[in-house]
1. Can you name the residue in the range 25-38 that is free of Cβ contacts under 8 Å to residues at least 40 places away in the same chain and within 8 Å of the chain's Cα centre (by Cα) and, of all such residues, is nearest to D73 (Cα to Cα)?
2. Considering every residue within the range 84-94, establish whether at least one is among the charged types (D, E, K, R) and either surrounded by 15 or more Cβ atoms within 10 Å (Cβ to Cβ) or not in a strand (DSSP E or B) (or both).
3. For residues in the range 11-48 being of a type outside the set (A, V, I, L, M, F, W, C) and exposed (fewer than 10 other Cβ atoms within 10 Å of the Cβ), which is modelled with the highest pLDDT?
4. Quickly run through the range 86-112 and pick out the residues that are polar (S, T, N, Q) and free of Cβ contacts under 8 Å to residues at least 12 places away in the same chain.
5. Which pairs turn up if I take residues in the range 39-52 that are in contact (Cβ under 8 Å) with a residue 40 or more places away in the chain and look for partners that are assigned to a strand (DSSP E or B) and exposed (fewer than 12 other Cβ atoms within 10 Å of the Cβ) with beta carbon separation below 9 Å, at least 6 apart in sequence or on another chain?
6. Check off (1) charged (D, E, K, R); (2) more than 16 Å from W37 (Cα to Cα); (3) within 14 Å of the chain's Cα centre (by Cα) for D59 and give me the number that stays unchecked.
7. Does E69 count as of a type in the set (D, E, K, R), at pLDDT 90 or above and either in contact with a Ser or Thr (Cβ under 6 Å, 6 or more places away or on another chain) or part of a strand (DSSP E or B) (or both)?
Amino acid sequence: MNRKIAFILSIMTVVMLSSCRAVSPDTPSQELSAHRWEAVKISGTLSFDDARMVFRASDGERKITLDGEYYADDEKLTLVTNDCNTIVFRYALKGDTLYLTYGGKTMELKKA
């Protein structure tokens with residue numbers, strides 16, 4: 001009987017010690033792609049799924065959707081669209097805020 005109890009307790013201990021937990025991102029590029037982002041001043045979203053990125057923005061009159069494979073390092077976000085255009089954004093993360101820059105203009109986004 002003591003062996004059964006010891007076996008059950010040891011199994012329970014292993015299960016409790018191997019529980020899953022969320023791992024925080026190590027690099028800015030991992031932090032960037034781990035979240036969905038929403039634009040602050042205009043309507044827009046930035047989201048990631050595996051190796052794909054979707055960026056949507058609208059200022060009321062104009063709408064833009066960029067979709068394709070992306071590559072990110074700690075400063076640049078490179079998007080290769082479905083029609084083989086390459087767009088390079090600069091970005092900076094400050095807390096829950098993402099600053100995305102292209103063509104000298106910066107867009108502010110917050111974690112959704």
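The values are calculated or read from the model by the stated rules, or taken from the named source; none is laboratory data. Predicted model only: the values in this text are computed from it and were never measured. Reconstructed Cβ throughout: ideal geometry from the backbone, glycine too, with neighbour counts over all protein chains shown.
1. Here the answer is Q30.
2. Checked against the condition, which is being among the charged types (D, E, K, R) and either surrounded by 15 or more Cβ atoms within 10 Å (Cβ to Cβ) or not in a strand (DSSP E or B) (or both), the range 84-94 yields no hits at all.
3. Only one residue tops the list, namely K41.
4. T86, T106
5. These pairs meet every condition: G44/I64.
6. (3)
7. So E69 fits the description; yes.
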